[in-house]
1. What value, in deg cm²/dmol to 500, does the helix sum -39500 (n - 2.57) over DSSP H runs of n ≥ 4 give at 222 nm once divided by the residues of the protein assembly as shown?
2. If you add up the charges near A:ALA142, with Lys and Arg at +1 and Asp and Glu at -1, over every other residue whose beta carbon is less than 12 angstrom from its beta carbon, what do you get?
3. Could you work out which residue, out of A:GLU146, A:GLU112, A:GLU34, moves most in a Gaussian network model of chain A, that is, has the largest mean-square fluctuation with Cα springs under 10 Å?
4. Calculate the tail of P(r) for the stretch B:97-175: the fraction of all Cα-Cα distances greater than 20 Å, expressed in %.
5. Residue by residue, what Karplus-based ³J(HN,Hα) values in Hz, rounded to whole numbers, does the stretch A:70-81 have, using 6.51, -1.76 and 1.60 with θ = phi - 60° and x for Gly and Pro?
6. Return the FRET efficiency for the residue pair B:ARG110, B:PHE150: r is the Cβ-Cβ distance, R0 is 35 Å, and the value is rounded to the nearest 0.05.
7. Would you mind checking the radius of gyration and Dmax of the protein assembly as shown based on alpha-carbon positions, in Å?
8. Please check: in the Gaussian network model of chain A (C-alpha springs, under 10 Å), which one of A:ILE151, A:ILE80, A:ILE25 has the largest mean-square fluctuation.
2 protein chains.
Amino acid sequence: MNTDDNSAMTSLPENAVEDDLKVTIGGLQIDVLEGAFSWYIRSLDSVVSRDLDARMAHLEIARGKGKITAILLVDDYPGIRPSQIAEVLMRDRPATGRIIEGMVAAGLIRREEDPADQRAQSLFITEKGQALAQEVRAIIRAQEEEFFDFIAPEDRAQFMRMLKRAYLNMRTKCS
Amino acid sequence: MNTDDNSAMTSLPENAVEDDLKVTIGGLQIDVLEGAFSWYIRSLDSVVSRDLDARMAHLEIARGKGKITAILLVDDYPGIRPSQIAEVLMRDRPATGRIIEGMVAAGLIRREEDPADQRAQSLFITEKGQALAQEVRAIIRAQEEEFFDFIAPEDRAQFMRMLKRAYLNMRTKCS
DNA sequence: ATAAGTAAGTTGCATTTCACAACCAAAGTG
DNA sequence: CACTTTGGTTGTGAAATGCAACTTACTTAT
């Protein structure tokens, strides 16, 4: 019956309407956007990204989801290929290639020729890159704790699960 | 006890671990990002935005959250000022000003001088803009239905509420 | 085995976004 | 009447991103 001691907002009886959470900004309502998933996702993204960029600003890896993800992947999967990174990033190969190019130039990763396939490259992390990857992990963890502190502990798991499900479904939809 | 006939994934007993939802992409795990809100938010954003851009592509209002929001606000609040729009968009005034400039040039809105404050402008929708605003609303509603169809109906309200809460908290954090 | 097709990366290009700084004009405040 | 704050504009520069075209290499089919 969903009557645990969770906060009242955590559990939603399916017959309760509870649409009383009206979103207004400076007194303005936002039309259809008020009920649009896309609005909140997009707005959250811009704030989160800005915050993360600020935290990474000193890091020679600066802005963008791309480099962050790339360096972690290369660190975790020695010999990974650019095209694999592109798939994770959901970017095309030119975009990914440039990200990699920048990281090679910065001495964070190293390119080799894939012995099994002469078209492809194998990417490897350098020592410098490895150190940076560790910093990146720390920053991401810090952001998760500090920035998302407003999510009640009981809600975290659930929110995360919903995001994951949305993400996975969306990926299948795109491919 | 959370034993409704909802899908098993919908209700999360607080003592169940249920972290079995492992996210992999093409067989790759994504390091700390796997547990990071930011990853899912940013990834969702890029897909949603792309989809929305595609749906709007024919609309003289093309890409970006900015114009969409702006035209709806001007339609809903005749005489609204650019700075108010900027606050909703969480952009600075130059960015907002250029969005408005483009929309004026396209004949979607009209600028007047605010009688009460000679620095400020009052924005008004034109007929053309009004028609477009209607199209925009329809597209957003369509996207919400078609694109987010993978969210189970029982989950919608809850996911929405969590997004709203996150959004509102984040706004207070930024201001 | 050779030809056609497909996949990996690169380059060029063109578009858009976006933030910061500097600036002007008008209000409000002492 | 200074001084500060607010509303908007212009300028500039950096960066992301997506598309098209191209080269090289692998794969498949005939």
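Please treat every number below as a calculation from the coordinates, not as lab data. Since the structure is predicted, the reported quantities are computational estimates derived from the model, not experimental observations. Glycine gets a Cβ as well: all are built from the backbone with ideal geometry, and neighbour counts include every protein chain shown.
1. Working: 12 runs with 190 residues, N = 350.
The helix contribution divided over the protein assembly as shown gives -18000 deg cm²/dmol.
2. Details: positive: A:ARG55, A:ARG137, A:ARG141; negative: A:ASP51, A:GLU135, A:GLU144, A:GLU145, A:GLU146, A:ASP149.
Local net charge: -3.
3. Checking each option, the largest mean-square fluctuation is seen for A:GLU34.
4. Working: 1856 of 3081 pairs.
Here the tail beyond 20 Å accounts for 60 percent of pairs.
5. 4, 5, 5, 5, 5, 5, 7, 10, x, x, 4, 9
6. Working: r = 41 Å, r/R0 = 1.16.
Calculated transfer efficiency: 0.30.
7. Rg and Dmax of the protein assembly as shown, Cα atoms, are 22.2, 73 Å.
8. Its mean-square fluctuation being the largest, the pick is A:ILE25.
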